1. Within the bounds of the range 194-203, is there any residue that is in contact (Cβ under 8 Å) with a residue 24 or more places away in the chain, open to solvent by less than 20 Å² (accessible area, probe 1.4 Å) and not acidic (Asp, Glu)?
2. Listed residues 123, 132, 35; which is crowded, with 17+ Cβ neighbours inside 10 Å and either under 30 Å from residue 163 (Cα atoms) or at pLDDT below 90 (or both)?
3. Kindly provide the set of residues from the range 82-103 that are touching a Lys or Arg at 6+ places or on another chain (Cβ under 8 Å), open to solvent by 30 Å² or more (accessible area, probe 1.4 Å) and part of a helix (DSSP H, G or I), ordered by number.
4. Might you check whether a residue that is more than 23 Å from the chain's Cα centre (by Cα) and either closer than 29 Å to residue 171 by Cα or part of a helix (DSSP H, G or I) (or both) occurs anywhere in the range 105-119?
5. Of all residues in the range 167-185, which are open to solvent by 50 Å² or more (accessible area, probe 1.4 Å) and part of a loop (DSSP other than H, G, I, E, B)?
6. For the range 148-161: of the residues being open to solvent by less than 30 Å² (accessible area, probe 1.4 Å) and touching a Phe, Trp or Tyr at 6+ places or on another chain (Cβ under 9 Å), which is nearest to residue 107 (Cα to Cα)?
7. If I go through the range 74-88 residue by residue, how many of them are farther than 17 Å from residue 114 by Cβ and more than 20 Å from the chain's Cα centre (by Cα)?
8. Please tell me if residue 214 is in a helix (DSSP H, G or I), within 18 Å of residue 254 (Cβ to Cβ) and open to solvent by 20 Å² or more (accessible area, probe 1.4 Å).
Amino acid sequence: TKPFNIKNWDPHFLSNPNANPSASTLSSASLRLSPIARFIVDAFRRNDNKWCPNVAAELSKLRRVTPNLVAEVLKVQTNHTLASKFFHWAGSQRGYHHNFASYNALAYCLNRHHQFRVADQLPELMESQGKPPSEKQFEILIRMHSDANRGLRVYHVYEKMRNQFGVKPRVFLYNRVMDALVRTGHLDLALSVYDDLKEDGLVEESVTFMVLVKGLCKCGRIDEMLEVLGRMRERLCKPDVFAYTALVKILVPAGNLDACLRVWEEMKRDRVVPDVKAYATMI
């Protein structure tokens with residue numbers, strides 16, 4: 001085999017067409033990689049992006065790879081099967097242990113290729129490898145599902161996080177879970193998550209109350225909405241004109257004018273001065 005020459009993957013030579021004529025054929029993403037990461041990606045490319053004995057033989061030229069190098073390769077990987085094989089190959093090295101960066105990079109890679117059910121199993125993999133997942137790993141999965149409007153998957157990860165692994169979310173993450181459930185039409189699940197928040201002894205933020213208030217408005221449960229609004233007023237602060245306008249705007253498409261008027265009365269009760277946008281929405 002040809003001797004290993006690091007210059008073939010060095011950014012200085014690759015960015016200089018006179019030193020390396022093949023540099024013009026490389027993508028900008030590849031040029032940003034470190035030399036060793038570029039060598040690994042190039043080994044994949046030369047074998048049609050498939051894991052095979054030739055790839056393993058190429059990688060054996062390296063003394064070892066580090067977790068941060070694994071994360072760097074996974075961030076640009078376009079084949080989730082190859083990414084998983086490489087991840088497990090790296091983990092089989094003597095004395096090697098994945099870190100949070102490599103686990104997170106694999107989660108992002110799997111999600112990019114719609115393998116979110118596999119990504120959801122990473123906490124179990126981490127625990128089996130002696131690296132119990134922290135809140136950050138669950139937050140990544142919840143954010144991925146939330147951005148894709150997969151409300152039930154958000155709740156599945158939340159349940160696993162709290163009940164199976166005993167990780168208690170911060171208020172910020174509670175808000176994110178409830179918002180995803182409300183947006184995807186699972187208000188009752190969002191209310192059960194709110195009960196868990198209170199059970200954990202956490203203090204609600206204004207975002208917490210507004211997520212629930214908007215969800216109750218959307219479902220036409222006005223009496224419950226006013227009750228939550230009252231708790232917000234007592235424990236934290238009064239809603240501002242923008243919050244009240246948002247509530248009216250949610251009720252308008254449902255044609256629920258009576259509820260709009262009740263929200264307007266609440267705004268007057270709090271002595272919140274309506275602006276032009278509030279009047280226009282109401283009219």
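The values are calculated or read from the model by the stated rules, or taken from the named source; none is laboratory data. Small disclaimer: the values here were computed from a predicted structure and weren't measured. Neighbour counts run over all protein chains shown; Cβ positions are idealised from the backbone, glycine included. The area values use the complete protein model at the heavy-atom level, side chains included, leaving out ligands, DNA and RNA. Shrake-Rupley method; radii C 1.70, N 1.55, O 1.52, S 1.80 Å.
1. yes
2. 123
3. The one that is touching a Lys or Arg at 6+ places or on another chain (Cβ under 8 Å), open to solvent by 30 Å² or more (accessible area, probe 1.4 Å) and part of a helix (DSSP H, G or I): 100.
4. no
5. 168, 170, 185
6. Of the residues in the range 148-161, the ones open to solvent by less than 30 Å² (accessible area, probe 1.4 Å) are 151, 154, 157-158, 160-161.
Cutting the leftovers down to touching a Phe, Trp or Tyr at 6+ places or on another chain (Cβ under 9 Å) gives us 157-158, 160-161.
On the way: 157: 13, 158: 16, 160: 16, 161: 16 Å.
In this case the residue turns out to be 157.
7. First pass over the range 74-88, keeping only residues farther than 17 Å from residue 114 by Cβ: 75-76, 85-88.
Those left that are additionally more than 20 Å from the chain's Cα centre (by Cα): 85-88.
Going through the range 74-88 one residue at a time, the tally reaches 4.
8. So residue 214 passes the test.
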